[in-house]
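Chemist: Shown below is the structure under consideration.
The values are calculated or read from the model by the stated rules, or taken from the named source; none is laboratory data. The model shown is predicted, which means the values in this text are computed figures rather than measured ones. Heads up, the Cβs are rebuilt from the backbone with ideal geometry, glycines too, and the neighbour counts pull from every protein chain shown.
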Amino acid sequence: MNKKEIKNSLSKKFKEEELLNEIIEFETFTFKKGDVFKDKKPPFKYFPLLISGKIQAFNYDNFGNEIPVYDIIECESCIISITNSMGSEISLPNSRVKKDGELILIPTEKANEWIEKYSSWRNFVVKMYSRRLNELLFNNELISHQKSKIGKQNEQIKSSIRYASRIQDAVLPTKDELLEKFPKHFLLFKPRDIVSGDYYWTMQLKNKTVIAIADCTGHGVPGAFMSMLGISLLNEIVSKNENFTPGEILDALREKIKNSLRQTGKKDEAKDGMDIAIAIIDTENKCLQFAGAYNPLYLIRNGELMQIKADRMPVGIYLKEKENFTNNNISIKKDDVIYMFSDGYVDQIGGKKNKKFMRKRFVKLLMDNHKKTMQEQKAILTETIENWQSDNEQVDDILVMGIKI
């Protein structure tokens with residue numbers, strides 16, 4: 001294919017003219033049916049983008065049997081290569097060409113740059129990840145009907161979910177990013193499964209910092225799919241609307257989630273969505289804006305706890321939804337401590353009577369320890385919930401964040 005044909009083919013996937021012009025400048029490579037690409041150890045410095053043809057990625061189980069991982073078709077890429085482009089070190093699987101075609105090898109530093117620069121490239125990465133998660137769900141159902149293949153299928157699913165976990169970790173804020181934005185903070189994040197339906201997200205807007213703590217419908221693979229969608233949409237909304245209030249951000253997020261999941265309010269359709277707390281902290285002007293979907297914000301000042309209430313509706317389809325989320329404005333002072341969290345901590349089953357931890361006990365725990373350093377608080381919260389849980393299973397993802405002004 002010549003550059004014009006490649007550009008025309010990729011324009012179905014990527015909307016930015018500048019991005020298309022950048023892509024077609026890289027060299028194309030042809031491959032033939034039957035070709036096999038052997039596994040390659042990291043670092044793999046290129047992001048393969050298939051222009052035409054079909055490639056099947058596969059791994060081997062402990063007995064040397066081939067396990068198909070997924071097919072790569074026109075205008076797609078290898079999800080593990082995407083992970084590598086985000087900085088994770090995962091060995092690439094073996095690949096077999098199923099249909100003649102061409103690909104472009106894009107340097108990973110360029111692919112990484114495009115995630116920030118172009119929304120269609122960022123959405124491409126998230127949608128690729130989401131598609132693989134849906135394939136995992138299908139494979140899970142397949143296992144229940146093919147017991148003779150449980151060993152192979154289970155190994156494939158675990159391997160794929162581990163890859164998904166690397167990708168999810170790559171799009172969450174790093175420890176250094178959080179420390180730069182919040183010098184005094186702690187983050188307690190304990191997924192119930194390998195991947196999580198809870199997520200945290202932040203963005204810097206000049207002297208303001210936006211922070212979100214979210215709890216998506218479900219946990220594990222379904223929850224992780226929703227979390228990736230939420231992160232992608234928040235990036236898009238806030239980067240394009242820097243003056244939005246938290247309430248307006250949640251209004252826009254709700255609308256985009258409903259559109260993305262084709263939610264119209266019909267009786268039998270999925271009610272997937274998320275509970276979320278989002279705040280904009282302006283330390284220069286000593287003010288905080290907050291909006292919540294079910295999840296509130298706690299602020300402790302001079303030994304007193306204030307609860308900034310959330311709206312009693314999720315981000316997603318809801319029959320009794322209000323037109324807009326409530327935006328709250330609060331003055332903040334030095335040494336104020338704010339807490340944002342999902343419901344996983346308070347819902348954990350344990351104790352002598354195998355009951356939920358409950359919000360009242362959680363509030364007391366925060367009040368008793370809010371004057372300690374942030375890392376001491378994290379250690380106490382972690383030890384407390386682990387002792388409470390004891391031999392019980394973790395019932396949900398756990399996410400708690402504390403920030404000292």
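Chemist: Tally up the residues in segment 381-405 that are under 18 Å from Pro173 (Cα atoms) and of a type in the set (Asp, Glu), please.
Modeler: 1
Yes/no matrix, rows are residues, columns are (1) outside any helix (DSSP H, G or I); (2) surrounded by 21 or more Cβ atoms within 10 Å (Cβ to Cβ); (3) touching a residue at least 40 places away in the same chain (Cβ under 8 Å):
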position: Val210; (1), (2), (3): yes, yes, yes
position: Ile213; (1), (2), (3): yes, yes, yes
position: Val221; (1), (2), (3): no, yes, yes
position: Phe225; (1), (2), (3): no, yes, yes
position: Gly230; (1), (2), (3): no, yes, yes
position: Leu234; (1), (2), (3): no, yes, no
position: Ile237; (1), (2), (3): no, no, no
position: Phe244; (1), (2), (3): yes, no, no
position: Gly247; (1), (2), (3): no, no, yes
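Chemist: For residues that are among the acidic types (Asp, Glu) and within 27 Å of the chain's Cα centre (by Cα), scanning just segment 378-401, find the one that is nearest to Phe189 (Cα to Cα).
Modeler: This residue is Asp397.
Chemist: Something else now. Those residues that are charged (D, E, K, R) and either at pLDDT 90 or above or part of a strand (DSSP E or B) (or both), I need them from segment 15-71; list them, please.
Modeler: Correct list: Glu16, Glu17, Glu18, Glu22, Glu25, Lys32, Lys33, Lys40, Lys54, Glu66, Asp71.
Chemist: Residues being part of a helix (DSSP H, G or I), of a type in the set (Ser, Thr, Tyr) and modelled with pLDDT of 75 or more: count how many of those fall in segment 75-126.
Modeler: Within segment 75-126, residues that are part of a helix (DSSP H, G or I), of a type in the set (Ser, Thr, Tyr) and modelled with pLDDT of 75 or more number 3.
Chemist: Does segment 328-351 hold any residues that are assigned to a loop (DSSP other than H, G, I, E, B) and of a type outside the set (Gly, Ala, Ser), and which are they?
Modeler: Residues satisfying the conditions are Ile332, Lys333, Lys334, Asp335, Asp336, Asp343, Tyr345, Val346, Asp347, Gln348.
Chemist: Output the residue which, of all residues in segment 325-344 that are hydroxyl-bearing (Ser, Thr, Tyr) and in contact with an Asp or Glu (Cβ under 6 Å, 6 or more places away or on another chain), is surrounded by the fewest Cβ atoms within 10 Å (Cβ to Cβ).
Modeler: Per the criteria, the residue is Thr326.
Chemist: Please go through (1) out of contact with any helix residue (DSSP H, G or I) (no Cβ under 8 Å at 6 or more places or on another chain); (2) at pLDDT 85 or above; (3) loosely packed, with under 14 Cβ neighbours inside 10 Å for Lys147 and return the number of the only condition it doesn't satisfy.
Modeler: Condition (2) is where Lys147 drops out.
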